[in-house]
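Engineer: Okay, here's the structure, questions in a sec.
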Amino acid sequence: MRIQILSDIHLEMERPGSAPGQEFYHYDIPVCAEHLALLGDIGWTVDERLFEWLRAQLRLFKTIYYVAGNHEPYRSSIDESNQRLSAFAQECEADPTLGDFIFLNRTRHDVSPTLTILGCTLWSALNPGDLDILSWSLTDFRRITSFDPEKYVALHTAELAWLSATVAAIALDEPERAIVVFTHHAPTIEGTGDPKYIGQPTNSAFATELSGEDVWTRECVKLWAFGHTHWSCDFERADIRVYSNQRGYAQGGSHYDPSKVVDI
């Protein structure tokens with residue numbers, strides 16, 4: 001399976017030099033594979049222009065795998081945002097002119113008898129010692145309705161539990177399957193973010209160190225792709241390929257390549 005994996009396109013951000021009327025929600029992805037994974041922070045779900053843009057991509061790609069980031073629910077709640085994405089997926093099913101839209105919200109998707117994709121946002125594990133500074137410094141708590149550090153931590157716990165249990169069940173019952181994991185937040189720390197931020201008290205809002213956890217040590221997990229850190233990377237850690245391809249706010253300065261294709 002050949003797939004393009006992108007994240008953090010941030011269509012809601014004005015881009016200097018854009019043509020008049022195309023400052024927001026305009027971005028052309030070069031079609032280099034049949035399948036596309038969008039791993040969060042693509043745009044705000046309260047803005048219909050996000051879905052107009054997604055429809056345009058679904059006329060070009062056979063499948064889009066979509067993971068919500070932390071920006072999708074801005075100006076609404078996480079539940080409301082997820083409901084909009086689920087409704088859009090149902091709408092796409094009824095339109096034969098569009099490709100398949102797979103919303104990965106603690107979702108298992110079997111691509112073939114030997115390949116499974118698992119996806120969720122995987123909100124990170126906030127450092128308890130940094131909660132005071134995180135509570136006022138993270139824009140998420142001001143832009144997302146009914147969202148606070150307690151809810152954030154609860155989401156991390158629930159999503160990691162789902163992911164760990166699902167990987168364990170597949171490893172036990174279907175050992176022939178290879179697993180690809182798509183999340184928004186980063187699943188390991190070293191190498192997944194700009195080194196200039198090492199030691200910052202907000203870092204736990206971007207990545208969680210899972211490389212020593214059971215979910216990581218299962219042989220069936222082959223690739224883990226993510227977004228959120230605005231840092232593109234491609235390396236191996238403990239036999240898992242760790243991958244991100246993030247546009248970010250400044251045209252993806254860290255080796256972003258929208259035409260890059262991954263074989264899974």
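Engineer: Would you please name the GluC sites (Glu not before Pro) within region 6-92 that are DSSP coil residues with at most 15 other C-beta atoms within 10 Å of their C-beta?
Structural biologist: E14, E23, E34
Engineer: Take the alpha carbon gyration tensor of region 114-264, find the square roots of its eigenvalues, order them as a ≥ b ≥ c, and report rounded if a/c is under 1.5; if not, report prolate when a/b exceeds b/c, else oblate. Provide the component values of the computation, followed by the final result.
Structural biologist: On the way: a/c = 1.97, a/b = 1.29, b/c = 1.53.
Note, shape of region 114-264 comes out oblate.
Engineer: While we're on this one: Given springs between every Cα pair under 10 Å in a Gaussian network model of the chain, which of T183, T114, T229 has the largest fluctuation?
Structural biologist: In this elastic network of the chain, the residue with the biggest mean-square fluctuation among T183, T114, T229 is T114.
Engineer: Going by a ≥ b ≥ c, the root eigenvalues of the Cα gyration tensor, does region 140-210 fall in the rounded group (a/c under 1.5), the prolate group (a/b larger than b/c) or the oblate group? Can you show the working numbers first?
Structural biologist: Working: a/c = 3.04, a/b = 1.50, b/c = 2.03.
Cα axes put region 140-210 in the oblate bin.
Engineer: Fully extended, how many nm does the chain gain between S137 and H255 (0.36 nm per residue separation, minus their Cα-Cα distance)?
Structural biologist: 39.7 nm
Engineer: Any idea what % of Cα-Cα pairs in region 2-263 are farther than 35 Å? Please list the in-between numbers first.
Structural biologist: Working: 3429 of 34191 pairs.
For region 2-263, the fraction of Cα-Cα distances above 35 Å is 10 percent.
Engineer: Give me the percent of DSSP beta bridges within region 2-263 that run antiparallel, rounded to the nearest 5.
Structural biologist: Within region 2-263, antiparallel bridges account for around 30 percent of the total.
Engineer: Roughly how far apart, in whole Å, are the Cα centres of region 1-44 and region 149-227?
Structural biologist: 24
Engineer: Looking at the chain as a GNM with Cα springs under 10 Å, which of L172, L98, L115 has the largest mean-square fluctuation?
Structural biologist: In this elastic network of the chain, the residue with the biggest mean-square fluctuation among L172, L98, L115 is L172.
Engineer: Of G40, I133, W162, which is farthest on the positive side of the dipole of the chain, counting Cα position, with +1 on Lys and Arg Cβ, -1 on Asp and Glu Cβ, and the Cα centre as origin?
Structural biologist: G40
Engineer: Please report, in debye to the nearest 20, how large the charge dipole of region 98-220 is about its Cα centre when each Lys and Arg carries +1 at its beta carbon and each Asp and Glu carries -1 there.
Structural biologist: Details: 8 positive and 17 negative charges, 72 e Å.
The calculation lands at about 340 debye.
Engineer: Whole-Hz ³J(HN,Hα) for each residue in region 81-91, computed from phi via Karplus 6.51 cos²θ - 1.76 cosθ + 1.60 with θ = phi - 60°, x for glycine and proline: what do you get?
Structural biologist: Values, residue by residue: 5, 5, 5, 5, 5, 5, 5, 5, 4, 5, 4 Hz.
Engineer: Read phi for every residue in region 135-150 and hand back ³J(HN,Hα) as whole Hz from Karplus 6.51 cos²θ - 1.76 cosθ + 1.60, θ = phi - 60°, with x for Gly and Pro.
Structural biologist: 5, 9, 8, 7, 4, 3, 6, 9, 9, 10, 5, 6, 10, 8, x, 5
Engineer: Among rounded, prolate and oblate, which fits region 103-155 when a ≥ b ≥ c are the square roots of the eigenvalues of its C-alpha gyration tensor, a/c under 1.5 means rounded, and a/b larger than b/c means prolate?
Structural biologist: Details: a/c = 4.16, a/b = 2.61, b/c = 1.60.
Here region 103-155 falls in the prolate category.
Engineer: Quick one: which residues, 5 or more positions from A37 or on another chain, have an amide H under 5 Å from its amide H? H modelled 1.01 Å from N in the peptide plane, none for Pro or chain starts.
Structural biologist: Q4, I5, L6, Y65
Engineer: Loop-only GluC sites (Glu not before Pro) in region 110-187, please: DSSP not H, G, I, E or B, and at most 15 other Cβ atoms within 10 Å. Could the numbers behind the result be given before it?
Structural biologist: Numbers: sites: E150, E159, E176; in loops: E176.
Loop-located and lightly packed - E176.
Engineer: List every residue whose amide H lies under 5 Å from the amide H of T107, counting only residues 5 or more places away in sequence or on a different chain, with H placed 1.01 Å from N in the peptide plane.
Structural biologist: G119
Read-outs throughout are calculated quantities, based only on the coordinates presented, and are distinct from any laboratory measurement. Bear in mind the structure is a predicted one, so any value in this text is a computation, not a measurement. Using ideal geometry, Cβ is built from the backbone for each residue, glycine included, and neighbour counts are taken over all protein chains shown.
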